[in-house]
Each structure stands twice: as structure tokens, then as C-alpha cells.
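**Q** Quick one: this structure, given as C-alpha cells, is what I'll be asking you about.
The values are calculated or read from the model by the stated rules, or taken from the named source; none is laboratory data. Treat the numbers as computed from the prediction; the structure is a model and nothing was measured. All Cβ positions, glycine included, derive from the backbone under ideal geometry; neighbour counts span all protein chains shown.
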Amino acid sequence: MRIAINTLAMKEQLYGVGNYIKHLVASLSRLDSNNEYVLFASAQNAHHLQDLGRNFLIEVVPSNRFLRLPWEQTLLPARLKEHRIDAFHGPTFIAPLRKSCRQVVSILDMTFHLTPERHSTLKCAYFRAMIPRMTKRSERIIAISESTKRDLVSLLKVDEEKISVTPLGVDQRFRPLNDALELARVREKYRLPDKYILYVGMIEPRKNLETLVDAYESASVCAEFDLVLAGKFGWGYKPLLQKIAKSVVRKTIRLPGYVSDGDLPAVISMASVFVYPSLYEGFGLPVLEAMACGTPVITSNVSSLPEIVGEAAILIDPYRTQSLVSALEGVLRDDHCKASLAKAGLQRAQLFTWERTAQKTLKVYEDLMEL
């Protein structure tokens, strides 16, 4: 079987979707030496696709986003035919409308339908138009959580039989780190304080960081712990910066920017608690990575997050500031609670591996060819 995967959504700096593609491909390479793969990549992201098996071919195509979108719908079908592709996988919602082979798309979340106001107008219009067409025209659909599957069924009336739930995994480098020299290096690099509350992810409205700032300002622990909001600025971040600038605790709120992949386990391991108050997540990979590092987690009781953390985290109502205040004070003032959450998180994270993700994805490919 010849399988093509579109990897163009990977950027130089990896976040959720980029990590998904990178680790899926790497795990498929370790797992599958029988099928042949063609990876469509850009000159900028091809370095994320190293050390793959001999059955993996990388084809470099346009990386500019405004060129990429028409390329996916015009030139890509021809390339699939020329490569004699049996199955095409679009891991970020999209596949060609003009089909030249069987296809599967991964649906990572349904924010474009549930919370369109939290996306740019152009991006929202494109995906709201394309996702329903993709789910109808694709033979199989991969949902990365049961929550996303429910949204697909309820919002787009997708046949449940077409959907395979394939959770994401956590890389083995996410583990509790105790190397004093490495921790000191990372602490100095990002100018991290001795004790801090940590968020990691894109800085954008859906992550609900204004509520986190309000909760931090109201909590009694703000005098002892700094708040670190780590990540790249996405869109709509200016109101957050304005709120921080006016806050009475602005001097203890830090925005170190993007944390490199190599440094992230240390940044998470040194945190006193990891807080992820998102209003909606298709999966919530940063929460899983924090649990794997043995860091206590506080996260929202909405969308996929409860199914990811199980009973290994404190769940809060992301629309109630006081709910987050109580959780912060409860965890940071109770050493037994912190230790219990750390232990439970480590055990829970072991259930999610990229090898399992790849195995389930490969099963989808194989099922696709039996239709």
C-alpha cells in the first residue's frame, strides 16, 4: 500500500498540530516497514522529518500558506495520481475535493463551528466551508478524542461508523527532571523564578488566560508564586497584555515567549503547578505532557480535558474565576494534594503513547483499503 500524508501544517516552532504530525510520522516509521509513504513537506519543516525508514519519501512543495491552500486542491490530486497513492491522510482537517484515491482526514477539534468568534474571519470561513465537505467525501475520519467525535456527530451529523477515535500520545522525553545543572541552565535561559505557576501554549483568547490572570491576582498565593505564561503570541492577545499591564501583580507575571522542545520538560518539571484553563480543546496535549513530568495539573471541566486527565487533575469551571482561585490555593497550600496529583498524573500519562496513536492510525489505513 502506498500512503501519502500532508505534513505542511508543521511550523518551525511546534505546537499541538505540528507535534501530532511529527510524532505520528516518526512512530509510523518505527512501526511499519511494509507500506510505502510519501510525505508532502516544506523546505522549512522537512528537518522535523529526519531518521525515517527507507520506505518514506519526502517531497518538498510550496510552504507559503496562501499558495498551499490552492495547491492542496489543484496540484495535490495530480501528485497523488502520479505517485500511485492508495490512501491519502490529511492530518489537519483538509483533503482534496477532487479525489484520486481513498482518503482519511483527522479532525482535531470543532472550534470553527463551536467558537467561530475565536478565529480570524478568513480562517473561520475557510474551515467552516471545508470541514463538512471533508467529512462527507472522506471514507474514514480520525477524531483525536471522544469529545471531538461527539461534536462531529452532533454538529455535522457524521456517521459514527466512519469515525475512529485515536488519542494523541506523549513523548518519552517528558518525564520528571532532577538534573540540577540542566534545570539551572533552563531557569537562567528563560529567567524563571524559584517558584511559579505555569501555563504553556499559544497565547490566544480560547486559552482563557485573562481569567487565569484574574484568578492569580485574587489568590493569596500570588505573593509567593510568580505566574509564567509561556508560548508564542497567536491572535487576539492584546486584551491580555492590557490586563497584565494594569494588574497590581504585573511584576510577578512573566511571558518568556516560545519554549523550545528541548527545554520544555525542564520548564514544566520546575513548576509548582501547571494550569490550563482552556475554554475548548480537541485533546489538550500540554496537559498530558505536564502530567508526564510529574507536575500537578489544574484544567477545565469542558470538552476533551476531563477524558484526558481522568481523576489525575483538579477540574475547574473555566467560566468562574473563583473556581480557579480555590483550585490554586488548594493545590499550592497542600503538600499532600500536590504529591497525590503528581503520582496520579504520572500513572495516567503512561496510558497515552505515540506508538499507540500510530497503531490505531495504521489500522485506519488498512481498513480504508478493505472498503
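**Q** Could you tell me which numbered condition S154 fails, if it satisfies all but one of (1) free of Cβ contacts under 8 Å to residues at least 40 places away in the same chain; (2) in contact with a helix residue (DSSP H, G or I) (Cβ under 9 Å, 6 or more places away or on another chain); (3) closer than 27 Å to H89 by Cα?
**A** Only one criterion in (1) free of Cβ contacts under 8 Å to residues at least 40 places away in the same chain; (2) in contact with a helix residue (DSSP H, G or I) (Cβ under 9 Å, 6 or more places away or on another chain); (3) closer than 27 Å to H89 by Cα is unmet by S154, namely (2).
**Q** Condition first: within 24 Å of the chain's Cα centre (by Cα) and not hydrophobic (A, V, I, L, M, F, W, C). Now tell me which residues in region 97-109 satisfy that. Steps first, answer last, please.
**A** Step one: of region 97-109, the residues within 24 Å of the chain's Cα centre (by Cα) are 103-109.
Passing the criteria: Q103, S106, D109.
**Q** Where the second residue is among the polar types (S, T, N, Q) and surrounded by 16 or more Cβ atoms within 10 Å (Cβ to Cβ) and the first is closer than 12 Å to S247 by Cβ and lies in region 211-236, which pairs have Cβ atoms under 8 Å and are six or more apart or on separate chains?
**A** V213/S247; D214/T321; A215/T321; E217/S247; S218/T321; C222/T252; L227/T252
**Q** Quick check on my filter: what residues within region 274-333 are out of contact with any helix residue (DSSP H, G or I) (no Cβ under 7 Å at 6 or more places or on another chain), closer than 22 Å to T353 by Cα and buried (at least 24 other Cβ atoms within 10 Å of the Cβ)?
**A** P286
**Q** Residues that are within 24 Å of Y216 (Cα to Cα): list the helices (runs of 4 or more DSSP H) wholly contained in region 302-371 that include at least 2 such residues.
**A** So the answer is 305-309, 321-332, 335-349.
**Q** How about region 89-144: which of its residues are among the hydroxyl-bearing types (S, T, Y) and either outside any strand (DSSP E or B) or free of Cβ contacts under 8 Å to residues at least 24 places away in the same chain (or both)? Walk me through how you get there before you give the answer.
**A** First, pick out the residues of region 89-144 that are among the hydroxyl-bearing types (S, T, Y): 92, 100, 106, 111, 115, 120-121, 126, 135, 138.
Within region 89-144, T92, S100, T111, T115, S120, T121, Y126, T135, S138 qualify.
**Q** If we scan region 78-94, do we find a residue that is buried (at least 17 other Cβ atoms within 10 Å of the Cβ), basic (K, R) and not assigned by TED's automatic domain parsing to the domain that holds Y237?
**A** Yes, region 78-94 contains at least one residue that is buried (at least 17 other Cβ atoms within 10 Å of the Cβ), basic (K, R) and not assigned by TED's automatic domain parsing to the domain that holds Y237.
**Q** Can you say whether A184 is surrounded by fewer than 17 Cβ atoms within 10 Å (Cβ to Cβ) and either touching a Pro at 6+ places or on another chain (Cβ under 6 Å) or at pLDDT 95 or above (or both), as far as the supplied structure shows?
**A** It is true that A184 is surrounded by fewer than 17 Cβ atoms within 10 Å (Cβ to Cβ) and either touching a Pro at 6+ places or on another chain (Cβ under 6 Å) or at pLDDT 95 or above (or both).
**Q** Sticking with this structure for a sec: Hey, D334 hits all of (1) at pLDDT 95 or above; (2) not assigned by TED's automatic domain parsing to the domain that holds Q103 but one; which does it fall short on?
**A** (1)
**Q** Which of the residues spanning region 321-347 are without any contact (Cβ under 8 Å) to a residue 60 or more places away in the chain, within 23 Å of L279 (Cα to Cα) and within 24 Å of the chain's Cα centre (by Cα)?
**A** Of everything in region 321-347, those that are without any contact (Cβ under 8 Å) to a residue 60 or more places away in the chain, within 23 Å of L279 (Cα to Cα) and within 24 Å of the chain's Cα centre (by Cα) turn out to be A327, L341, G345.
**Q** Going residue by residue through region 58-78, is there one that turns out to be within 21 Å of I144 (Cβ to Cβ) and assigned to a loop (DSSP other than H, G, I, E, B)?
**A** no
**Q** Out of curiosity, is N45 touching an Asp or Glu at 6+ places or on another chain (Cβ under 8 Å), at pLDDT below 95 and either outside the structural domain of E204 (by TED's automatic domain parsing) or under 16 Å from P91 (Cβ atoms) (or both)? Give the steps one after another, and end with the answer.
**A** On the way: touching an Asp or Glu at 6+ places or on another chain (Cβ under 8 Å): yes; at pLDDT below 95: yes; either outside the structural domain of E204 (by TED's automatic domain parsing) or under 16 Å from P91 (Cβ atoms) (or both): yes.
Criteria met by N45.
**Q** Take the residues in region 249-273 that are within 13 Å of L229 (Cβ to Cβ) and small (G, A, S), then tell me which one is nearest to the chain's Cα centre (by Cα).
**A** For region 249-273, the residue satisfying everything is G257.
**Q** On the given criteria, is L305 of a type in the set (A, V, I, L, M, F, W, C) and in contact with a Gly (Cβ under 7 Å, 6 or more places away or on another chain)?
**A** It is true that L305 is of a type in the set (A, V, I, L, M, F, W, C) and in contact with a Gly (Cβ under 7 Å, 6 or more places away or on another chain).
**Q** Do we have S29 as more than 30 Å from R206 (Cβ to Cβ), among the hydroxyl-bearing types (S, T, Y), touching a Leu at 6+ places or on another chain (Cβ under 6 Å) and not in a loop (DSSP other than H, G, I, E, B) here?
**A** In short, yes.
**Q** I would also like to ask the following. In region 226-240, how many are farther than 12 Å from L198 by Cα and crowded, with 18+ Cβ neighbours inside 10 Å?
**A** Matching residues across region 226-240 total 2.
**Q** A further question follows. Hey, can you tell me all the residues within region 241-273 that are of a type in the set (K, R) and either outside the structural domain of L229 (by TED's automatic domain parsing) or surrounded by 16 or more Cβ atoms within 10 Å (Cβ to Cβ) (or both)?
**A** Correct list: K243, R254.
**Q** Among the numbered criteria (1) buried (at least 18 other Cβ atoms within 10 Å of the Cβ); (2) more than 19 Å from L305 (Cβ to Cβ); (3) modelled with pLDDT under 95, which one does A223 miss?
**A** (1)
**Q** Same structure again: So, in region 42-80, how many residues would count as being in contact (Cβ under 8 Å) with a residue 60 or more places away in the chain and farther than 26 Å from D32 by Cβ?
**A** 1
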